[in-house]
Amino acid sequence: MVRSLVVVTVMLTVVLTAAFSAPAPSVHAPDEVERGTPLVVHLDSGSDVVQLQTALYRVDGVRVVATNGYRSTTARDVPVWVSLLGVPATAAPGPYRLEAVASMRDGRTVTLDRSVTVLPRDFASMRIALSQALSDLRETTDPRRVAQARQIIALVATYDAGSIYNEGPFIVPVEDARVTAGFGDRRVFAYADGNEAQSIHFGIDLAAPVGTPVVASGAGRVAFAEDRIITGNSVVVEHLPGVFGLYYHLDRIDVRQGDLVRRGQQIGTVGMTGLATGPHLHWEFRVAGVPVDPQAFLERPLVDKGAIFRRILNSTAEEPERR
């Protein structure tokens, strides 16, 4: 009798444990996103997740961008995981597949899929005439140029889940500046010898007099502060895991690598160092290594904790496919 009671008790405990175990996580993201903007993904059941990886795929299965996630909370301190992806400005409009792979505390791996539509977006075109000196600079075969480009590409592709400095709104880094070039502009450079070259502008140019203060658009850690051949005096600030702000063509650099900076703290002054036709700041953001429009960081917090909380409460979307 006692043995039977023990067996029943154990079975009941197992049933109750299974019944009240944490639900499988759900992935949330916008249904639509413009190309050249950030894609914010969050996963609920955050307390039971130990690792998150996300990726965006074309319908033919080609991976567009991938990154990791980090632990965060909503406005009501509900644990969630957040992952920040950049949608390339060159992405073709249409449907894409967002995949989230969550490693759970109990050893399971849960894969969740949902559809995201990339919306079309037009970009301006511009032609830039270069002097002989700037033509020579842009066509230089100096091996340092290639090494410097690879260094920045590698830097903005790094990911530190603990680098959570600025989840709130960002600010424009130069006051009263005039926008002389927009994000995604299709450019034609006209060289002094009559040749031409095409490129895409991956930032915003803010024109102002030499010496005008340049401030950090958000809190962060200075990941780079050096002179480069093409971008001149340059500063790179890590604002969030996988999110970097780039500040180019400075006349003066006022910070050092490793410094922690506040939003609005001066990091340098406007200049025209490197490949620049006039005094301005080139301001750029990279998310998961992908250039995205800085304007997307100004209207509201990149990680809107209140919106995430409301989405969890009010979500009526169908359950994502699990496998």
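Annotation note: Cβ proximity below 6 Å between a residue of segment 163-189 that is under 25 Å from R138 (Cα atoms) and a residue that is modelled with pLDDT of 95 or more and of a type outside the set (A, V, I, L, M, F, W, C) (sequence gap 6+ or interchain) occurs for T180/D205; A181/D205; F183/D293; G184/G36. Out of everything in segment 36-59 that is in contact with an Asp or Glu (Cβ under 9 Å, 6 or more places away or on another chain) and among the hydroxyl-bearing types (S, T, Y), what residue ends up being surrounded by the most Cβ atoms within 10 Å (Cβ to Cβ)? Going through the qualifying residues, I end up with T54. Filter segment 60-86 down to residues that are modelled with pLDDT of 95 or more and assigned to a loop (DSSP other than H, G, I, E, B) and give me whichever is surrounded by the most Cβ atoms within 10 Å (Cβ to Cβ). The qualifying residue surrounded by the most Cβ atoms within 10 Å (Cβ to Cβ) is G69.
Rundown of residues vs (1) assigned by TED's automatic domain parsing to the domain that holds G274; (2) closer than 30 Å to V27 by Cβ, yes/no style:
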site	(1), (2)
V110	no, yes
R150	yes, no
T158	yes, yes
F170	yes, yes
D176	yes, no
R187	yes, no
Q198	yes, no
V210	yes, no
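Would you check if V270 is of a type in the set (A, V, I, L, M) and modelled with pLDDT of 95 or more? Taking the combined requirement at face value, the residue satisfies it.
Those strands (runs of 3 or more DSSP E) of segment 128-220 in which 3 or more residues are more than 21 Å from D251 (Cβ to Cβ) occupy 186-190, 196-200. Screening F189 on (1) more than 25 Å from the chain's Cα centre (by Cα); (2) closer than 14 Å to H282 by Cβ shows it passes everything except condition (2).
The values are calculated or read from the model by the stated rules, or taken from the named source; none is laboratory data. Just so it is clear, the model here is predicted, and its values are computed rather than measured. Reconstructed Cβ throughout: ideal geometry from the backbone, glycine too, with neighbour counts over all protein chains shown.
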